[in-house]
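The values are calculated or read from the model by the stated rules, or taken from the named source; none is laboratory data. In this text the structure is predicted, and so the values were computed from the model without any measurement. Because the Cβ atoms are built from the backbone with ideal geometry, glycine has one as well, and the counts that use them run over all protein chains shown. Ligands, DNA and RNA are stripped out before the accessible areas are found, and what is left, the full protein with its side chains, is counted by its heavy atoms. Shrake-Rupley method; radii C 1.70, N 1.55, O 1.52, S 1.80 Å.
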Amino acid sequence: MKKVLPFILSTGLIAFPCIAQAVALTNPLGITDPRLIAARIIQGALSVLGTVALVMFMYGGLLWIISMGKPEQIKQGQSILIWTTLGLILIAGAYVAVDAIFNAVLSGNVAG
C-alpha cells in the first residue's frame with residue numbers, strides 16, 4: 001500500500017496536464033461530419049493497402065528474378081505476383097464500391 005499511493009499521485013500529476021491540454025485541442029481535420037470522417041478513414045486505409053500491395057508486387061518480382069532457375073522460388077514468386085494482382089483488383093473494387101456508396105449517401109442520389 002505504501003508504494004501504491006505515491007504511484008497514483010505521480011501518475012495523476014503527470015496525467016493532469018495532458019488531460020488539460022487535450023481539452024484545448026482543435027479538430028485537425030477541419031470537418032465534423034462523421035460521414036466525411038469515415039470516408040477519409042476508409043480512403044486512407046485503402047491507400048495503405050495499395051502501398052502494401054505494391055511492395056508485395058515488387059517483392060514477388062524480385063524473388064522471381066533472383067531465383068536463378070530454382071523451381072520452388074520461381075513458383076513462390078509467381079504465386080506472390082498472382083495473389084498480389086488479385087489483391088489489387090479487390091482493393092480497386094472496394095474503392096469503387098465505397099466511393100459509390102458514400103456518393104449515394106452524401107448526395108442522396110444513387111447516380112452520384
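In the frame of its principal axes, segment 36-86 has Cα extents of 50, 15, 10 Å, reported largest first. I'd like the accessible area for Ile14: 1.4 Å probe, protein heavy atoms, all chains in place, Å² to the nearest 10. Counting only protein heavy atoms, Ile14 exposes about 120 Å² to solvent. For the pair Met58 and Trp83 in one chain, pulling the backbone fully straight at 0.36 nm per residue adds 7.7 nm over the alpha carbon distance. Here Gln73 and Leu49 are evaluated by their C-beta separation; at R0 = 25 Å the FRET efficiency comes out at 0.45.
Note on Ala100 and Ala38: the extension gain reaches 20.9 nm, defined as 0.36 nm multiplied by sequence separation minus the Cα-Cα distance.
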